[in-house]
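The values are calculated or read from the model by the stated rules, or taken from the named source; none is laboratory data. Just so it is clear, the model here is predicted, and its values are computed rather than measured. We place every Cβ from the backbone using ideal geometry, glycine too, and count neighbours over all the protein chains shown.
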Amino acid sequence: MKRCLCCLLACLLLTPAISAVSEPFSFESKELGFSLTVPGLTDADVTTEVTGSRVDLYHVPSQADGDGLIGSIQVVIPRSAVTAPPYNTPAYRVLAMGTDRAFLWKSPGGVNTTPEHLESFVRAAELLSAEVLREALVPHQPDAWPKLSTQSRRTYLPAESGRIRPDDPLTRGELAQMLCALLDAENLGTASPTLFSDLSGRVCARAASYLASYGIFSGYDDGTFRSDAPVTRAQLAVLLHRCQFAPPAGRYGDTVAFPDVPEEHWASPYIYSACTLGWMNGGSDGAFRPDDAVTQAQAVTAINRMLGRDESSTLLPEDAILSDLSADHWARGNLLEAAGLLPDTDCVQPVRLPDGTSAWYFADAAHGWAAAGTRLYVTSNGGKSWRAADAVLPLTASDLFFFSSNTGLVLGSDEETTCSLWYTLDGGRTWDDFFASPESLRLCLPVDQFPTEASMYASLHSASLRPAGGDTVYLTVRYRPYDSIYFLDLESVRQTSITFEFASLVIGSR
């Protein structure tokens, strides 16, 4: 009996501790087609309110004294409406895709709580960020979410019989196939080829239907796709955003105003966004010509700029690879890149590198440079032996490039910035800040898009140097465009060519 009483007492003492363990916050709706479980939060932290196809998530402690709204999950049916108003704004971010619907997250854009609950509210909001929700939200009928590939040399404009038709107008069907070739389209093979009444038997049928099901492309009111119709400049600006499920990006300050693109133009926000981000530009007369047909060359140049694959400054072979592409065509490099015919410019792999190497470059099989910490090392025998340069580097190197034994660039981070670029003209004995020149800074980095240099530097994700030939290197910078702090899904690219000419460094134009 004594043993039984002891056991009973132990059970009674343990019961409160067991019951105090709370289940993680969860939500499920058969009608809306998804479930959600968020570890780290409980029903005491978060509650939900369903209104039609929207699920509002509230911070429970904040509801009594304040609003407490953390954000809303919006279910969009049909899925193709995800790129249309009112969802094509920076307020919405895609969380997941279903077979017939899309799931978006919308933050109210502020802290809806009182000071005494601020810490708890912020913690709950962090656990309900779009990044967390993308892992936590499970559609009942999930489908692929096509992502744009930035892989270099990925072919999306195949040559036919040695011809590429660079100056021909680009058709809707051709652009649909190009975008599908760039998207990781996992279920393209199952897309209905008969979504549009005029595509039966057409090569672009599956691509057009696949893109239309995600709202990237759209058909006409009569149920046709019109694959042979030319793509206009305005339409291309819109599609460059839609294939990334990205709304048009805003910018700080004044922007260029095209006389033929008034504010009420149907594609106005997309046109100005595409120009702000460097994907497209206007003519020498200041006009944009939104209704002009886009040529193959113009389209691949805009797409390559969007992807960070603009090859307009690359040293190209002189021999004719395509019968209808002249050696002096203005978009030759970009067309060869889109066709998968551009030669690689990767430098020679060294025999060995100094310990702690963070960046290296070889001009040929013998001559190379390597950075380890703040030291620069040089070899003239393919890496069998290295010697240290006279001066220490002014930064921690992440990339470097040398035009000659004396002239080079080193890219990396220092105490002030995450993207610092320095150059030497004497083989590494002395170094100068490349961005000390306001003009160089403006041409290489998106300073004009931000209110301060500090906010511009804070937007940068990464930077790299990439050879474009013996006398030219690309500086490629990836950053978040200036806009709402909740607009974090569009990563833009700014690529600039730097060339060594007449004992000086020259920034090329794209």
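For the reader, a short list of remarks on this structure follows.
- Listed conditions (1) farther than 29 Å from Leu69 by Cα; (2) in contact (Cβ under 8 Å) with a residue 40 or more places away in the chain are all met by Pro142, apart from (1).
- The range 199-212, residues that are at pLDDT 90 or above and surrounded by fewer than 16 Cβ atoms within 10 Å (Cβ to Cβ): Val203
- The one condition from (1) in the same structural domain as Val76 (by TED's automatic domain parsing); (2) in contact (Cβ under 8 Å) with a residue 24 or more places away in the chain; (3) under 30 Å from Gln495 (Cα atoms) that Gly162 does not meet is (1).
- Residue list for the range 43-52, filter: in a loop (DSSP other than H, G, I, E, B) and loosely packed, with under 15 Cβ neighbours inside 10 Å: Asp43, Ala44, Gly52
For (1) touching a residue at least 12 places away in the same chain (Cβ under 8 Å); (2) in contact with a helix residue (DSSP H, G or I) (Cβ under 9 Å, 6 or more places away or on another chain); (3) not in a loop (DSSP other than H, G, I, E, B), each residue gets a yes or a no:
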residue	(1), (2), (3)
Trp105	yes, yes, yes
Asn112	yes, yes, no
Arg134	yes, no, yes
Pro146	yes, yes, no
Arg153	yes, yes, no
Gly173	yes, yes, yes
Ala176	yes, yes, yes
Leu195	yes, yes, no
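- Condition check for Ser62: among the polar types (S, T, N, Q), more than 16 Å from Pro247 (Cα to Cα) and either in the same structural domain as Gln244 (by TED's automatic domain parsing) or assigned to a helix (DSSP H, G or I) (or both): yes
- Of the candidates Thr472, Thr496, Thr430, Thr476, the single residue that is β-branched (Val, Ile, Thr), over 21 Å from Ser152 (Cα atoms) and modelled with pLDDT of 90 or more is Thr430.
- Residue match in the range 77-99 (condition: among the basic types (Lys, Arg), part of a loop (DSSP other than H, G, I, E, B) and crowded, with 19+ Cβ neighbours inside 10 Å): no
- Identity of the residue in the range 139-152, surrounded by 14 or more Cβ atoms within 10 Å (Cβ to Cβ) and more than 16 Å from the chain's Cα centre (by Cα), that ends up farthest from Phe34 (Cα to Cα): Ala144
- Unique match (being in contact with a Gly (Cβ under 9 Å, 6 or more places away or on another chain), buried (at least 17 other Cβ atoms within 10 Å of the Cβ), at pLDDT 95 or above and farther than 24 Å from Ser152 by Cβ) among Ser273, Ser227: Ser227
- The range 455-472, residues that are among the aliphatic types (A, V, I, L, M) and within 15 Å of Ala359 (Cα to Cα): Ala463, Leu465
- For the criterion of being in contact with a Lys or Arg (Cβ under 9 Å, 6 or more places away or on another chain), over 30 Å from Tyr220 (Cβ atoms), crowded, with 18+ Cβ neighbours inside 10 Å and not assigned by TED's automatic domain parsing to the domain that holds Gly250, Ser107 passes.
- Applying the criterion of being of a type in the set (Gly, Ala, Ser) and touching a strand residue (DSSP E or B) at 6+ places or on another chain (Cβ under 7 Å) to the residues of the range 405-414, the residue that is surrounded by the most Cβ atoms within 10 Å (Cβ to Cβ) is Gly408.
- Hey, Arg165 surrounded by 14 or more Cβ atoms within 10 Å (Cβ to Cβ) and not in a loop (DSSP other than H, G, I, E, B) or not: no
- Subset of the range 341-397 (residues that are outside any strand (DSSP E or B), within 22 Å of Cys419 (Cβ to Cβ) and of a type in the set (A, V, I, L, M)): Ala391, Val392, Leu393, Leu395
- Candidate set: the range 415-438, residues that are surrounded by fewer than 17 Cβ atoms within 10 Å (Cβ to Cβ) and in contact (Cβ under 8 Å) with a residue 24 or more places away in the chain; chosen: the one farthest from Ser405 (Cα to Cα): Thr418
- With respect to being out of contact with any His (no Cβ under 8 Å at 6 or more places or on another chain) and part of a loop (DSSP other than H, G, I, E, B), Glu31 fits the description.
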